[in-house]
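Just so you know, all these numbers are worked out from the coordinates, no wet-lab data involved. Keep in mind it's a predicted model, so treat the numbers as computed, not measured. Heads up, the Cβs are rebuilt from the backbone with ideal geometry, glycines too, and the neighbour counts pull from every protein chain shown.
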Amino acid sequence: MIVCTAGHVDHGKTALVKALTGVDTDRLAEERRRGLTIELGFAPLELPGVGRASVVDVPGHGQFIPTMLSGCSNMDGVLFTVAADEGPMPQTAEHLDILSLLGAERGVVALTRADLADQARLAETRSRTEALVKGTFLEGAPMLPVSAVTGAGLDGLRAALAHMLAQVPPPPAGAPRLHIDRVFPVAGSGTVVTGTLTGGPLRRGDAVRLYPSERTARVRGLQCHGVPAEELPAGTRAAVNLAGVRLREVCRGDTLAAPGSLVVTDRADVSLRVLPSAPFSIRSDSQLHFHHGARSLTCRCVLLGRDVLRPGETGWAQLRFAQPLAAAPGDKFVVRFFSPLATIGGGMLVDLTPPKKGRMSRAGRPAGGPGPGRPRRRSPPPLPAR
Ligand SMILES: Nc1nc2c(ncn2[C@@H]2O[C@H](COP(=O)(O)OP(=O)(O)OP(=O)(O)O)[C@@H](O)[C@H]2O)c(=O)[nH]1
Ligand SMILES: [Mg+2]
């Protein structure tokens, strides 16, 4: 099972992961020099009654939101941090928005750096955090003061995380999928990719496909946190040694999946929700950053049946991607504005092979049909419940 961290820069995510697991997930020299997480970090977490879970430690700095997005796209639960001595900050709210858009269902809130806050400050941070999470998946979640320096509160946090993961339903028995977040060579073994395995188990010897290139490869070896395995279940961090693919033929953001299980497309009809807190509306034909799994693309957003989608509204749109997208219907995504760079909304991919729809379809007139006056080829289905 996967727990991802979240929270503003310097709010003690990495220090807390180290205090819980013994692993310093800031492994790059630049990260250690700057005291800043830049890349995703990974650590095994032993929890009473649960066994071994995996922590994905994400960066908090606003500049690294795409990396944060790639780390939290497939989590079972969230370790949400707010520094007790500082309280909620901009990326506290932005990470919460992103997690909500990605469908996060459970989490634990750690009020970190509690040794730096007196009782009054702690109470203020608690009440501001409660106000922030009201109406989200974190409303009513355990909120625990902790210190990575003194160790105060860590046992209670472990128990809360174990309780949270005990609620996670068993993994599905479908086709395996892994959004690739790292690619590296291993001397004598060739190409290794890592990611969070979802959808179904992966076995040594399995034939797999890399998307969107649609290259075929074979699983030569598997590891979870450095431990070799013949088979890994969905919901684990996986390192996959691939036969039949060269290092330069695969990159971060690609997806490894069962052959034939994903659609490669340049457009999708989506249900799109604009965050209530979004500073702007989305206008038809806007250019947006599109985030799905570990992949970031650019797209043009054609609103269907309207010219503008305002903060708090949900509507139908056709997204036209500048680069190929490999996905399955029902996948979640997040969109961000170009300038200023801000998370604006997200939603669900509904139809990955739609006819092209344009301005005409906005007025409920022909969509994709060759001539004016033709009936719409397909009207959007009713919007799913929020
Ligand atoms: N006193 C005290 N300092 C802490 C505690 N936790 C973290 N710190 C300090 O806070 C600073 C930031 O900690 P990090 O763990 O790197 O914060 P982060 O949230 O991982 O930061 P990013 O990954 O860059 O977003 C460091 O100087 C830590 O030593 C704590 O519990 N008590
Ligand atoms: Mg960090």
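With the condition kept exactly as written, say whether any residue in the range 68-84 is more than 10 Å from ligand 1 (Cβ to nearest atom) and surrounded by fewer than 21 Cβ atoms within 10 Å (Cβ to Cβ).
no
Only one of (1) within 14 Å of ligand 1 (Cβ to nearest atom); (2) in contact with a Cys (Cβ under 8 Å, 6 or more places away or on another chain); (3) assigned to a loop (DSSP other than H, G, I, E, B) is not met by V56, so which one is it?
(3)
Filter the range 192-235 for residues that are among the polar types (S, T, N, Q) and under 21 Å from A326 (Cα atoms) and give the result. Reasoning before the result, please.
Restricting attention to the range 192-235, the residues satisfying the condition of being among the polar types (S, T, N, Q) are 194, 196, 198, 213, 216, 223.
Correct list: T194, T196, T198, S213, T216.
Which one of these does R27 not meet: (1) farther than 20 Å from S127 by Cα; (2) in contact (Cβ under 8 Å) with a residue 24 or more places away in the chain?
Checking R27 against (1) farther than 20 Å from S127 by Cα; (2) in contact (Cβ under 8 Å) with a residue 24 or more places away in the chain, the one that fails is (2).
Quick check on this structure: which one of A173, A207, A160 is among the aliphatic types (A, V, I, L, M) and out of contact with any strand residue (DSSP E or B) (no Cβ under 8 Å at 6 or more places or on another chain)?
Selected residue: A173, the only one of A173, A207, A160 that is among the aliphatic types (A, V, I, L, M) and out of contact with any strand residue (DSSP E or B) (no Cβ under 8 Å at 6 or more places or on another chain).
Give me the residue from the range 89-113 that is of a type in the set (G, A, S) and part of a helix (DSSP H, G or I) and, out of that set, farthest from the chain's Cα centre (by Cα).
Start the filter on the range 89-113 by keeping residues that are of a type in the set (G, A, S), which leaves 93, 100, 103-104, 107, 110.
Then keep just the ones that are part of a helix (DSSP H, G or I); that gives 93, 100.
Details: A93: 15, S100: 10 Å.
The extreme case among them is A93.
Restricting the search to the range 34-43, which residues are among the small types (G, A, S) and within 8 Å of ligand 1 (Cβ to nearest atom)?
Initially, the range 34-43 is screened for residues among the small types (G, A, S), giving 35, 41, 43.
Within the range 34-43, G35 is the sole residue that qualifies.
Any chance the range 70-78 includes a residue that's within 13 Å of ligand 2 (Cβ to nearest atom) and not in a helix (DSSP H, G or I)? Even if it seems obvious, please write down each step before you answer.
Filtering the range 70-78 down to residues within 13 Å of ligand 2 (Cβ to nearest atom) leaves 71.
Pick out the ones that are also not in a helix (DSSP H, G or I) and you get none.
Within the range 70-78, none of the residues are within 13 Å of ligand 2 (Cβ to nearest atom) and not in a helix (DSSP H, G or I).
Looking at the range 138-159, can you tell me whether even one residue there is surrounded by 15 or more Cβ atoms within 10 Å (Cβ to Cβ), in contact with a Phe, Trp or Tyr (Cβ under 7 Å, 6 or more places away or on another chain) and farther than 26 Å from P48 by Cβ?
Checking the range 138-159: not a single residue is surrounded by 15 or more Cβ atoms within 10 Å (Cβ to Cβ), in contact with a Phe, Trp or Tyr (Cβ under 7 Å, 6 or more places away or on another chain) and farther than 26 Å from P48 by Cβ.
I want to confirm something. Restricting to the range 132-154 and keeping residues that are in a strand (DSSP E or B) and out of contact with any Asp or Glu (no Cβ under 8 Å at 6 or more places or on another chain), which single residue is nearest to L122 (Cα to Cα)?
Here the answer is P145.
Hey, among R113, R106, R27, R52, which residue is farther than 20 Å from F337 by Cα, of a type in the set (D, E, K, R) and buried (at least 24 other Cβ atoms within 10 Å of the Cβ)?
Details: R106 fails: buried (at least 24 other Cβ atoms within 10 Å of the Cβ); R27 fails: buried (at least 24 other Cβ atoms within 10 Å of the Cβ); R52 fails: buried (at least 24 other Cβ atoms within 10 Å of the Cβ).
Exactly one of R113, R106, R27, R52 is farther than 20 Å from F337 by Cα, of a type in the set (D, E, K, R) and buried (at least 24 other Cβ atoms within 10 Å of the Cβ), namely R113.
Name the residues in the range 1-33 that are basic (K, R) and more than 8 Å from ligand 1 (Cβ to nearest atom), would you?
Listed by number, the residues that qualify are R27, R32, R33.
If you go through the range 55-67 one residue at a time, how many are of a type outside the set (G, A, S), more than 12 Å from ligand 2 (Cβ to nearest atom) and surrounded by fewer than 21 Cβ atoms within 10 Å (Cβ to Cβ)?
At the first step, the residues of the range 55-67 found to be of a type outside the set (G, A, S) are 55-59, 61, 63-67.
Imposing the further condition that a residue be more than 12 Å from ligand 2 (Cβ to nearest atom) reduces the set to 63, 65-66.
Next, from what is left, pick out any that are surrounded by fewer than 21 Cβ atoms within 10 Å (Cβ to Cβ): 63, 66.
Looking only at that region, the number is 2.
Just name the residue that is nearest to A93 (Cα to Cα) out of those in the range 1-42 that are among the basic types (K, R) and within 12 Å of ligand 2 (Cβ to nearest atom).
Taking the candidates together, the pick is K13.
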